[in-house]
Amino acid sequence: MSYLAVLGIIKIHPMLQKIWQPQYLLLQKFWEITTVCLAAQIAVAPLSIFYFHQFPGLFLLSNWVVLPFFGLFLIGSMGALFLIASDYEIHYLTIVYDKTVSVMNESIIWIARQEAFLFQNMGLSLSALISVYALLIFLYWGIKSKEVKYFVGLASAALLLQTILFLEEWNLSKNN
(Lines give C-alpha, C1' and ligand atoms only; values in the text may rest on other atoms or scores of the structure.)
Protein backbone atom coordinates (compact mmCIF):
# COMPACT_ATOMS: atom_id res chain seq x y z
CA MET A 1 0.00 0.00 0.00
CA SER A 2 2.92 2.33 0.66
CA TYR A 3 4.15 1.90 -2.89
CA LEU A 4 0.69 2.73 -4.23
CA ALA A 5 0.50 5.82 -2.01
CA VAL A 6 3.89 7.03 -3.26
CA LEU A 7 2.89 6.26 -6.87
CA GLY A 8 -0.30 8.27 -6.36
CA ILE A 9 1.65 11.17 -4.92
CA ILE A 10 4.17 11.11 -7.77
CA LYS A 11 1.62 10.74 -10.59
CA ILE A 12 -1.69 12.19 -9.38
CA HIS A 13 -0.51 15.00 -7.08
CA PRO A 14 0.92 17.18 -9.89
CA MET A 15 -2.36 16.89 -11.81
CA LEU A 16 -4.41 17.87 -8.76
CA GLN A 17 -1.98 20.68 -7.93
CA LYS A 18 -2.70 22.31 -11.32
CA ILE A 19 -6.43 22.58 -10.59
CA TRP A 20 -5.95 25.62 -8.37
CA GLN A 21 -2.96 27.85 -7.77
CA PRO A 22 -3.59 30.05 -4.70
CA GLN A 23 -1.78 33.36 -4.41
CA TYR A 24 -1.12 33.28 -0.67
CA LEU A 25 1.58 31.09 0.85
CA LEU A 26 -0.67 29.71 3.59
CA LEU A 27 -3.32 28.68 1.07
CA GLN A 28 -0.64 27.19 -1.17
CA LYS A 29 0.63 24.98 1.65
CA PHE A 30 -2.91 24.00 2.65
CA TRP A 31 -3.73 23.13 -0.99
CA GLU A 32 -0.50 21.16 -1.34
CA ILE A 33 -1.25 19.09 1.78
CA THR A 34 -4.78 18.51 0.49
CA THR A 35 -3.67 17.37 -2.96
CA VAL A 36 -0.95 15.10 -1.56
CA CYS A 37 -3.50 13.44 0.73
CA LEU A 38 -6.09 13.11 -2.03
CA ALA A 39 -3.54 11.69 -4.46
CA ALA A 40 -2.37 9.07 -1.99
CA GLN A 41 -5.94 8.20 -1.02
CA ILE A 42 -7.08 7.86 -4.65
CA ALA A 43 -4.28 5.38 -5.25
CA VAL A 44 -4.78 3.40 -2.04
CA ALA A 45 -8.56 3.51 -1.44
CA PRO A 46 -9.61 0.66 -3.76
CA LEU A 47 -7.02 -1.70 -2.27
CA SER A 48 -7.90 -0.58 1.24
CA ILE A 49 -11.59 -1.28 0.62
CA PHE A 50 -10.71 -4.64 -0.93
CA TYR A 51 -8.65 -5.80 2.06
CA PHE A 52 -10.17 -4.00 5.03
CA HIS A 53 -13.76 -3.41 3.81
CA GLN A 54 -13.75 0.14 5.13
CA PHE A 55 -12.86 3.70 4.15
CA PRO A 56 -11.77 6.50 6.52
CA GLY A 57 -13.96 9.52 5.85
CA LEU A 58 -11.79 11.86 7.93
CA PHE A 59 -8.48 11.09 6.25
CA LEU A 60 -8.14 14.70 5.11
CA LEU A 61 -8.80 16.09 8.58
CA SER A 62 -6.21 13.84 10.19
CA ASN A 63 -3.67 14.73 7.54
CA TRP A 64 -4.39 18.45 7.93
CA VAL A 65 -3.65 18.03 11.64
CA VAL A 66 -0.51 15.91 11.31
CA LEU A 67 1.30 16.92 8.13
CA PRO A 68 1.93 20.63 8.83
CA PHE A 69 3.74 19.70 12.04
CA PHE A 70 5.39 16.50 10.87
CA GLY A 71 8.48 18.30 9.57
CA LEU A 72 8.87 20.04 12.93
CA PHE A 73 8.31 16.70 14.64
CA LEU A 74 11.13 15.09 12.61
CA ILE A 75 13.46 18.01 13.25
CA GLY A 76 12.61 17.87 16.95
CA SER A 77 13.26 14.13 17.02
CA MET A 78 16.62 14.54 15.37
CA GLY A 79 17.48 17.40 17.72
CA ALA A 80 16.48 15.34 20.75
CA LEU A 81 18.62 12.44 19.54
CA PHE A 82 21.54 14.78 18.98
CA LEU A 83 21.17 16.27 22.46
CA ILE A 84 20.95 12.84 24.06
CA ALA A 85 24.00 11.63 22.13
CA SER A 86 25.87 14.77 23.20
CA ASP A 87 24.96 14.22 26.86
CA TYR A 88 23.10 17.52 26.91
CA GLU A 89 19.69 17.66 28.40
CA ILE A 90 17.70 20.84 28.10
CA HIS A 91 14.74 20.07 30.33
CA TYR A 92 12.29 22.67 29.04
CA LEU A 93 12.86 21.62 25.41
CA THR A 94 12.07 18.01 26.21
CA ILE A 95 8.90 19.09 28.02
CA VAL A 96 7.76 21.19 25.02
CA TYR A 97 8.60 18.36 22.64
CA ASP A 98 6.74 15.84 24.81
CA LYS A 99 3.66 18.09 25.02
CA THR A 100 3.68 18.64 21.26
CA VAL A 101 3.78 14.90 20.59
CA SER A 102 1.01 14.36 23.16
CA VAL A 103 -1.25 16.96 21.52
CA MET A 104 -0.64 15.43 18.09
CA ASN A 105 -1.41 11.93 19.39
CA GLU A 106 -4.55 13.11 21.21
CA SER A 107 -5.76 14.82 18.04
CA ILE A 108 -5.29 11.65 16.03
CA ILE A 109 -7.02 9.56 18.70
CA TRP A 110 -9.97 11.98 18.76
CA ILE A 111 -10.30 11.79 14.98
CA ALA A 112 -10.04 7.99 15.05
CA ARG A 113 -12.91 7.82 17.57
CA GLN A 114 -15.32 9.50 15.17
CA GLU A 115 -16.93 6.20 14.16
CA ALA A 116 -19.66 7.89 12.10
CA PHE A 117 -17.03 8.83 9.53
CA LEU A 118 -15.55 5.36 9.17
CA PHE A 119 -17.45 3.77 6.32
CA GLN A 120 -17.52 0.06 7.05
CA ASN A 121 -18.86 -3.12 5.46
CA MET A 122 -17.78 -2.06 2.00
CA GLY A 123 -17.04 -4.84 -0.41
CA LEU A 124 -14.95 -5.00 -3.52
CA SER A 125 -14.22 -8.23 -5.33
CA LEU A 126 -10.90 -8.91 -7.03
CA SER A 127 -12.40 -8.41 -10.49
CA ALA A 128 -14.01 -5.12 -9.38
CA LEU A 129 -10.70 -4.04 -7.83
CA ILE A 130 -8.83 -4.71 -11.07
CA SER A 131 -11.44 -2.85 -13.11
CA VAL A 132 -11.32 0.14 -10.71
CA TYR A 133 -7.57 0.35 -11.15
CA ALA A 134 -7.97 -0.03 -14.93
CA LEU A 135 -10.45 2.84 -14.80
CA LEU A 136 -8.02 4.98 -12.79
CA ILE A 137 -5.14 4.20 -15.16
CA PHE A 138 -7.19 5.08 -18.25
CA LEU A 139 -8.44 8.24 -16.54
CA TYR A 140 -4.89 9.27 -15.68
CA TRP A 141 -3.55 8.68 -19.18
CA GLY A 142 -6.63 10.26 -20.77
CA ILE A 143 -6.17 13.45 -18.78
CA LYS A 144 -2.40 13.42 -19.25
CA SER A 145 -2.28 12.77 -23.00
CA LYS A 146 -5.80 13.78 -24.09
CA GLU A 147 -5.80 10.95 -26.63
CA VAL A 148 -9.14 9.42 -27.60
CA LYS A 149 -7.91 5.84 -27.15
CA TYR A 150 -7.53 6.38 -23.40
CA PHE A 151 -11.03 7.81 -23.10
CA VAL A 152 -12.34 4.78 -24.99
CA GLY A 153 -10.42 2.62 -22.51
CA LEU A 154 -11.90 4.68 -19.66
CA ALA A 155 -15.42 4.15 -20.97
CA SER A 156 -14.72 0.44 -21.44
CA ALA A 157 -13.33 0.10 -17.91
CA ALA A 158 -16.34 1.96 -16.51
CA LEU A 159 -18.69 -0.34 -18.44
CA LEU A 160 -16.74 -3.38 -17.27
CA LEU A 161 -16.93 -2.20 -13.65
CA GLN A 162 -20.67 -1.60 -13.93
CA THR A 163 -21.15 -5.04 -15.46
CA ILE A 164 -19.11 -6.71 -12.72
CA LEU A 165 -21.02 -4.89 -9.97
CA PHE A 166 -24.36 -5.71 -11.62
CA LEU A 167 -23.49 -9.40 -11.99
CA GLU A 168 -22.24 -9.61 -8.40
CA GLU A 169 -25.43 -7.99 -7.13
CA TRP A 170 -27.53 -10.27 -9.33
CA ASN A 171 -25.75 -13.40 -8.07
CA LEU A 172 -26.20 -12.20 -4.50
CA SER A 173 -29.93 -11.67 -5.03
CA LYS A 174 -30.25 -15.13 -6.59
CA ASN A 175 -28.63 -16.70 -3.53
CA ASN A 176 -30.92 -14.81 -1.19
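Quick look at the numbers
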quantity	calculated
Of all residues making up the range 105-141, the number that are surrounded by fewer than 16 Cβ atoms within 10 Å (Cβ to Cβ), out of contact with any Pro (no Cβ under 8 Å at 6 or more places or on another chain), part of a helix (DSSP H, G or I) and of a type outside the set (Gly, Ala, Ser)	8
Condition met for LYS144 (loosely packed, with under 12 Cβ neighbours inside 10 Å and over 21 Å from LEU47 (Cβ atoms))	no
Selection status of PHE138, at negative phi, touching a Gly at 6+ places or on another chain (Cβ under 7 Å) and not assigned by TED's automatic domain parsing to the domain that holds LEU47	yes
Answer residue from the range 79-96, given it is within 30 Å of ALA5 (Cα to Cα) and among the hydrophobic types (A, V, I, L, M, F, W, C) and is surrounded by the most Cβ atoms within 10 Å (Cβ to Cβ) among those	ALA80
Sole residue being in contact with a helix residue (DSSP H, G or I) (Cβ under 6 Å, 6 or more places away or on another chain) and modelled with pLDDT under 85, chosen from LEU93, LEU74, LEU67	LEU67
Members of the range 38-58 that are assigned to a helix (DSSP H, G or I) and touching a residue at least 12 places away in the same chain (Cβ under 8 Å)	LEU38, ALA39, ALA40, GLN41, ILE42, ALA43, VAL44, PRO46, LEU47, SER48, ILE49, PHE50
Exclusive hit being of a type outside the set (A, V, I, L, M, F, W, C), in a helix (DSSP H, G or I) and surrounded by fewer than 17 Cβ atoms within 10 Å (Cβ to Cβ), set GLY71, GLY76	GLY71
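Residue by residue, here is whether (1) assigned by TED's automatic domain parsing to the domain that holds LEU135; (2) outside any helix (DSSP H, G or I); (3) touching a residue at least 40 places away in the same chain (Cβ under 8 Å) holds:
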| site | (1), (2), (3) |
| --- | --- |
| LYS11 | no, no, yes |
| PRO14 | no, no, no |
| GLN23 | no, yes, no |
| GLU32 | no, no, no |
| VAL36 | no, no, no |
| ASP98 | no, no, no |
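The values are calculated or read from the model by the stated rules, or taken from the named source; none is laboratory data. No experiment lies behind these values; they were computed from the predicted model shown. Positions of Cβ are generated from backbone atoms using ideal geometry, with glycine treated the same way; all protein chains shown enter the neighbour counts.
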